[in-house]
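*Asks:* Structure provided below as structure tokens; questions to follow.
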Amino acid sequence: MTREQRASPAGAVESLEIGAEVDVDVERILPGGMGLAHARGQTLLVALAAPGDRVRVQVRGMRGGVAFASIEEILTPSSVRVVPPCPYFGRCGGCDFQQLTYEAQLAAKVEIIRDSLRRVARVEPPADIPITPSPDAWRYRARSMWQYDRRVGSLGYYERGSRTVCDVVECPVIVPELQAVLTTLRERVSREALPEGASDIQAVAGDADVALAPSVLTGRVAEESARTVGAERYRFNADCFFQINHGLLAPLVDAAIGDMTGDAPAGMRGQRAVDLYCGVGLFTLPLARRFAKVFGVEGNATACDYARRNLADAKLTNAKIEASTVGAWLTRYATDLSPVDFVLLDPPRAGAENETVKGIIALRPTRIAYVSCDPATLARDLRKLLAGGYEIASIAAFDMFPQTHHVETIVHLTRTTVNPEG
Ligand SMILES: C[S@@+](CC[C@H](N)C(=O)[O-])C[C@H]1O[C@@H](n2cnc3c(N)ncnc32)[C@H](O)[C@@H]1O
């Protein structure tokens, strides 16, 4: 009898419980990055798995009848399994896809998007969802959040599923400029403790400088960074969001609003555009070159200041940055502004709030571009937008986060003639 068929004395198959060990075949990777497997009539989610692996796993937790398991032994490795190069992999909570070839990572991400669209948005995905690979599968991250534990002096990232700091000497996914600052910071930490309160350290690299928040390395880093994307220059600092994979920014902007050289698809030029969750204006600046009037809405005051400054530096006077939560701004102004030509939204991982989706539908844009870093919340929001009178025109994926299960997706939607919700 195999481990997965073990029966109780009465003949019934034992259900899985915490601590149980079973041998399973990993079928595919699910949204969230876990491998799907089945044993004893139950579903298992296996961490750090590769599709096609045969593995011995131990159940570590149970939730809603689903067993969460970790690999004890790889019995037969998948053909797409590779040896993770990072010595911290498995312990560090940063990466969860290093066990896959890069091609398998890309394929798994497209499957994650498909799965989310089918199960959450309840829509059949297009036959082809193109995914643009990252120019660099390693040393691509231009932003990091380092954790510091002053009791033991460790500096790095949280361990998987815990608040213990994994002390990291070298991180293979951050850009060399960030690695140099991490090394300098580690040298300082080995001599003296960082100030009280410096437990979460944001580091962000631009074309020339690295900025830190809080600024725990005076004299060694800059107050702010800057990055040129296509024809635009953006300033930002570590207190506000800027996309982490700079190698993919130009194609991402092109895919969201049309070719930066001016060849915008129909619907990406016109009178009024709204850029929701605009950050420091990554999309606001190129939008302001295409539309007569642009509204950018952003909740982070520092990002708003940079967005205004970036527009001013580019001599763009036709865009207004609104410092507000998106939901509140839409609730207040959507009816007055409606209809607009184009809405771009790029929310954080949690997706758009209910009032935001309602507000977008009330704006009645001819076209929407939804830029998302989480397929599950994207699919949840798409379902509402589809019910609100929109249909999917195209879907494209961008591998902004190699070595992790995360993926950036851009969905273009067009308004159907009738809005079923009025
Ligand atoms: C994924 S980032 C996108 C930023 C920008 N579009 C870019 O690509 O650089 C999401 C942005 O939304 C902002 N944000 C998060 N929740 C918000 C809310 N409820 N209302 C307004 N802005 C919000 C964050 O500060 C962040 O700048």
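The values are calculated or read from the model by the stated rules, or taken from the named source; none is laboratory data. If you're wondering where the values come from, they're calculated on a predicted model, not measured in any experiment. When we count neighbours, we look across all protein chains shown, and the Cβ atoms used for this are built from the backbone with ideal geometry, even at glycine.
*Asks:* Any idea which of Leu282, Leu330, Leu311, Leu249 is hydrophobic (A, V, I, L, M, F, W, C) and farther than 24 Å from Ala352 by Cα? Break it down into steps so the answer makes sense when it comes.
*Replies:* Working: Leu282 fails: farther than 24 Å from Ala352 by Cα; Leu330 fails: farther than 24 Å from Ala352 by Cα; Leu249 fails: farther than 24 Å from Ala352 by Cα.
Residue meeting the stated conditions: Leu311.
So that you can scan it fast, the table gives a plain yes or no per residue for (1) farther than 25 Å from Arg143 by Cα; (2) in the same structural domain as Ala379 (by TED's automatic domain parsing); (3) in a loop (DSSP other than H, G, I, E, B); (4) modelled with pLDDT of 95 or more:
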position: Pro9; (1), (2), (3), (4): yes, no, yes, no
position: Leu16; (1), (2), (3), (4): yes, no, yes, no
position: Val24; (1), (2), (3), (4): yes, no, no, yes
position: Ala37; (1), (2), (3), (4): yes, no, no, yes
position: Gly52; (1), (2), (3), (4): yes, no, yes, yes
position: Val57; (1), (2), (3), (4): yes, no, no, yes
position: Ala69; (1), (2), (3), (4): yes, no, no, yes
position: Cys86; (1), (2), (3), (4): no, no, yes, yes
position: Gln98; (1), (2), (3), (4): no, no, yes, yes
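*Asks:* Return the residues of segment 279-308 that are in a strand (DSSP E or B) and away from the ligand (no atom under 14 Å from the Cβ); say none if nothing qualifies.
*Replies:* Phe291, Ala292, Lys293
*Asks:* Another question about this same structure. Within segment 233-258, track down each residue that is out of contact with any helix residue (DSSP H, G or I) (no Cβ under 7 Å at 6 or more places or on another chain), within 9 Å of the ligand (Cβ to nearest atom) and in a loop (DSSP other than H, G, I, E, B).
*Replies:* Phe242
*Asks:* Additional query: Consider segment 27-69. How many of its residues are charged (D, E, K, R), closer than 28 Å to Glu103 by Cα and touching a residue at least 40 places away in the same chain (Cβ under 8 Å)?
*Replies:* So the answer is 2.
*Asks:* Let me ask you something else. Any residue that is modelled with pLDDT of 90 or more, surrounded by 17 or more Cβ atoms within 10 Å (Cβ to Cβ) and not acidic (Asp, Glu) - is there at least one of those in segment 259-272?
*Replies:* yes
*Asks:* Return the total of residues in segment 380-422 being of a type in the set (S, T, N, Q), under 30 Å from Arg91 (Cβ atoms) and either at pLDDT below 95 or buried (at least 20 other Cβ atoms within 10 Å of the Cβ) (or both).
*Replies:* 2
*Asks:* Further, regarding this structure: crowded, with 17+ Cβ neighbours inside 10 Å, within 15 Å of the ligand (Cβ to nearest atom), small (Gly, Ala, Ser) and closer than 21 Å to Gly279 by Cβ, is that true of Ala352?
*Replies:* Considered against the rule, which asks whether it is crowded, with 17+ Cβ neighbours inside 10 Å, within 15 Å of the ligand (Cβ to nearest atom), small (Gly, Ala, Ser) and closer than 21 Å to Gly279 by Cβ, Ala352 comes out as yes.
*Asks:* Going through segment 309-318 one residue at a time, which ones are without any contact (Cβ under 8 Å) to a residue 40 or more places away in the chain and either touching a Phe, Trp or Tyr at 6+ places or on another chain (Cβ under 9 Å) or outside any helix (DSSP H, G or I) (or both)?
*Replies:* Lys315, Leu316, Thr317, Asn318
*Asks:* Could you look through segment 326-342, keep only residues that are over 20 Å from the mean Cα position of the chain (by Cα) and β-branched (Val, Ile, Thr), and pick out the one that is farthest from the ligand (Cβ to nearest atom)?
*Replies:* Thr335
*Asks:* Quickly run through segment 140-152 and pick out the residues that are of a type outside the set (Phe, Trp, Tyr), in a loop (DSSP other than H, G, I, E, B) and surrounded by 17 or more Cβ atoms within 10 Å (Cβ to Cβ).
*Replies:* Ala142 - this is the single residue of segment 140-152 that is of a type outside the set (Phe, Trp, Tyr), in a loop (DSSP other than H, G, I, E, B) and surrounded by 17 or more Cβ atoms within 10 Å (Cβ to Cβ).
*Asks:* From the list Leu363, Leu276, Leu311, which residue is within 13 Å of the ligand (Cβ to nearest atom) and surrounded by 19 or more Cβ atoms within 10 Å (Cβ to Cβ)? Don't jump to the end; show me each part of the working.
*Replies:* On the way: Leu363 fails: within 13 Å of the ligand (Cβ to nearest atom); Leu311 fails: within 13 Å of the ligand (Cβ to nearest atom).
Matching residue, one of Leu363, Leu276, Leu311: Leu276.
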